[in-house]
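The values are calculated or read from the model by the stated rules, or taken from the named source; none is laboratory data. It should be emphasised that the depicted structure is a prediction, and the values quoted were computed from it without experimental measurement. All Cβ positions, even for glycine, are placed from backbone atoms using ideal geometry, and neighbour counts span all protein chains on display. Side chains included, ligands, DNA and RNA excluded: accessible areas come from the protein's heavy atoms. Shrake-Rupley method; radii C 1.70, N 1.55, O 1.52, S 1.80 Å.
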Amino acid sequence: GERKQHASTIHPRSWTIPIFIFAFPMAARVGGAAATGALVAGAVAPAVVVAGVQAMGFGACGIVAGSTAAGWMSSAAIVDGGGVVAGGLVAGLQSVGAAGLGAGTMVGVAAGGAALGMLVVGGTAAAAVALNARIQRCRECRGHAEQSAGPVEGQWTVATEEGVGNVKFYPFSSEESSMKFIKDITVAFVRYDPIGKDIGCWGLNPWALNTIRTHASQRHDGEWKVVTEEGCGNVKFYLFHCEENARSFFNGLLVACILVGPSGREIDHKDMNPWAVNTIRTYALQNPAGNWKVVTEEGCGNVKEYRFDIAENAQVFFDGLFVARILVDPEGKEVSSAGQNPWAVSTVRTQALQKPGGPWKVATEEGPGNVKSYDFDVEETARVFFKGLFCSRILIDPSGKEIDHGGWNPWALNTIRKTVL
């Protein structure tokens, strides 16, 4: 059943004589616990109580500024209309901190120690008995239930982990019987409906639930994928036959992962480690025959190309990178660029956008007399490359006419023109 907790608030004026009990570890045997509590409290409680009160800021010379006691005094003053009431909680604590405990209070503390000892030990013993009965009922319930090798089609199946990696399956003919079973067990479980769909789970250990789903929810021919990186470069694929099972598994993971739909498009991701997500996408989303490209520079002059058949996958891969890169559409046109290093972006364009023999040209001088020509098949691509450069350069149309130029060195521009025009 549902359990609800209700917090009760204690008014600062509700106690006139505070009693603090600093209990020793529980007595080893239930039979002597009450007596032990009384003896310990009577012998050591007074000194411990005074030391504890003084540590809170209720000192021999008054309340210490900035301490817990000062905060309590401020709260009590607000509640009591501006002053601390005699006989209240704060006043009582200050009295203990300044003068110690009287004989009457010591008796109260000793009695409180005995009572607390009985209460704690009695409550613990009762809880232990109840827990033992619950565990025994769980064992008996599992021992009498029929087991199977996996989720059974047409039946309600409860999958459990009973020890590390030890996954077991219990099929039931009706939902009611499966519900009765899960009410009697104390181990982590996942429940499946007659078509094998994950419809609920329970367990204090999320890794146990992941283990159960790894064994019970996967299908070797599933079209839904959850892809993870479990250690540096260790990319793993998990296949599921329906979105619900894939999504439940995905939501329960504590590692970087992506969720991929039947079309191969990324649906969702967890980027606890963005570099891990990039590694996953490199393995899971690429298609060597794809017409969408993300081109990067990963180290000086080390240009790499990643191909995708779905525009959304190319875009999400592009967005997740930290290196200089460009996004190129199936027509070879640059759609977007990013990166902190503009020279790296220019290097990427040099290798990714050129078309040898293209009618559009960008001519540059890269060092005294070192004139280079770059060919492109469309004006837009040529202009993107032209605008991203920092050296002297000119833009030439298919008729061989200069239509733009850039650079701060007029002598370099003259050298370029003499060479290419």
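Things to note:
- For residue 257, the amide hydrogen comes within under 5 Å of the amide hydrogens of 270, 272, counting only partners 5 or more places away or on other chains and with H modelled in the peptide plane.
- Two-decimal Rg to Rh for the range 169-267 - Kirkwood Rh, Cα set: 1.00
- Rounded to the nearest whole angstrom, the semi-axes of the ellipsoid equivalent to the range 281-375, taken from the Cα gyration tensor as √(5λ), stand at 26, 16, 10, largest first.
- Of the peptides 136-149, 341-354, 291-304, the order by per-residue mean of other Cβ atoms within 10 Å, starting with the highest, comes out as 341-354, 291-304, 136-149.
- Only alpha carbons enter this Debye calculation for the range 323-365, each as an equal point scatterer, and the log10 of I(q)/I(0) it gives at q = 0.15 Å⁻¹ is -0.40.
- The simple spin-label model puts a point 7 Å past each Cα toward its Cβ; for residue 61 and residue 149 those points are separated by 8.2 nm.
- Order of exposure, largest accessible area first, which applies to 56, 179, 272 with probe 1.4 Å: 272, 179, 56
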